[in-house]
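The values are calculated or read from the model by the stated rules, or taken from the named source; none is laboratory data. All values reported here derive from a predicted model rather than from experimental measurement. Quick reminder, even Gly has a Cβ in these numbers, built from the backbone with ideal geometry, and neighbours come from all protein chains shown. For the accessible areas, the whole protein counts, side chains as well, though only heavy atoms, and no ligand, DNA or RNA atoms are used. Shrake-Rupley method; radii C 1.70, N 1.55, O 1.52, S 1.80 Å.
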Amino acid sequence: MAPIGVFDSGYGGLTVLKEIMSVIPDQDYLYLGDNARAPYGTRSFDIVYRFTLDAVKYLFDQGCRLVVLACNTASAKALRNIQMLDLPKIDPQRRVLGVIRPTVEKLPQLTRNGHIGVLGTPGTIQSQSYDLEIQKFFPQYTVTGHGCPMWVPLVENREADTPGADYFVEQEIRRLMRKDPEIDTIILGCTHYPLLIDKIRQYVPEGVRIVPQGEIVAESLKDYLGRHPGLTQATPLGGPALDGHLGGPALDGHHADAQHQVTYLTTESADRFGDMASLFLGKPVKARRVEL
């Protein structure tokens, strides 16, 4: 079985991976966090594209035929170029998917009045990727984005449950709602934000729906695999697998079971990654450091 690659600039994509593994438990997974070059949110389109392409090629070399960009910044700034310019040259049979379109496609089932708010990193908001994608499918909707520069540092510094986090969460939600008081649906356009979900719910006005991406992306991926089953079949087109094989024990030692194997890779400290990943996944994680 070819593993499904899941990529993020750091840790946030683990919230997406967690939901994917819950919805699709019978696949193998290879997670790669480019922590050494994170954050991506403040970087230019060209740099994000180059870094993301490095990661996609690496995951392809490990045997993945399908890679999910579980990162809003990479989905916003790199996905289209990779799909249009690189996949035809690398291998037209392989696929790279993002997190923005599945979220957008779900909106008609979520909004009542078509007023959509998007909370994300400043880089994602400045890219206007959600605005463009929503307008393409649903031009009648009103989209209002708002950048939250402090939310990712709050999560990664383990401050998500502290009183200090309340101030920053309440502040940004109030700013978003002032821009459009009619917003009835808020997309959490950053994969870190589900770790702030309790505080977000506390300050979002009553009746406003909050939309984390993980479950939506997982259900969309399940449907996609149902239509493209060959993407998880092992293929000789892939490069050498980790440790020379895909069928041996998983590197983390905690996620290998009768259903699937999960391997965690990082471009930074493996120990730090494992420590942070356990916060996102709620279980011990071991990782391996790699270079792209």
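When E215 is tested against (1) open to solvent by 60 Å² or more (accessible area, probe 1.4 Å); (2) modelled with pLDDT under 80, just one condition goes unmet, and that condition is (2). Residues that are surrounded by fewer than 18 Cβ atoms within 10 Å (Cβ to Cβ) and in a helix (DSSP H, G or I) are absent from segment 180-195 altogether. Restricting to segment 101-128, count the residues that are aliphatic (A, V, I, L, M) and free of Cβ contacts under 8 Å to residues at least 40 places away in the same chain. Number of matching residues: 1. Restricting segment 259-292 to residues that are charged (D, E, K, R) and without any contact (Cβ under 8 Å) to a residue 24 or more places away in the chain, the residue that is surrounded by the fewest Cβ atoms within 10 Å (Cβ to Cβ) is D271.
Within segment 48-61, the presence of a residue that is under 21 Å from K283 (Cβ atoms), surrounded by fewer than 24 Cβ atoms within 10 Å (Cβ to Cβ) and touching a residue at least 40 places away in the same chain (Cβ under 8 Å) is excluded. Here segment 82-98 is the region considered, the condition is being part of a loop (DSSP other than H, G, I, E, B) and among the charged types (D, E, K, R), and the residue that is surrounded by the fewest Cβ atoms within 10 Å (Cβ to Cβ) is D91. For segment 106-142, a residue qualifies if it is buried (at least 18 other Cβ atoms within 10 Å of the Cβ), part of a loop (DSSP other than H, G, I, E, B) and among the charged types (D, E, K, R), and exactly one does: K106. Applying the set (1) among the small types (G, A, S); (2) open to solvent by 10 Å² or more (accessible area, probe 1.4 Å); (3) closer than 20 Å to V211 by Cβ; (4) in a helix (DSSP H, G or I) to A36 leaves exactly one unmet item: (3). Restricting attention to segment 143-164, report how many residues are open to solvent by 20 Å² or more (accessible area, probe 1.4 Å) and in a helix (DSSP H, G or I). Residues meeting the conditions: 5. For P102, the stated conditions hold: it is in a helix (DSSP H, G or I), buried (at least 18 other Cβ atoms within 10 Å of the Cβ) and either in contact with a strand residue (DSSP E or B) (Cβ under 9 Å, 6 or more places away or on another chain) or not aliphatic (A, V, I, L, M) (or both). D28 meets all of the listed conditions (1) open to solvent by 10 Å² or more (accessible area, probe 1.4 Å); (2) out of contact with any His (no Cβ under 7 Å at 6 or more places or on another chain); (3) not basic (K, R) but one, namely (2). Scanning segment 41-66 for residues that are of a type outside the set (V, I, T) and closer than 19 Å to R289 by Cα yields F51, L53, D54, A55, K57, Y58, L59, F60, D61, Q62, G63, C64.
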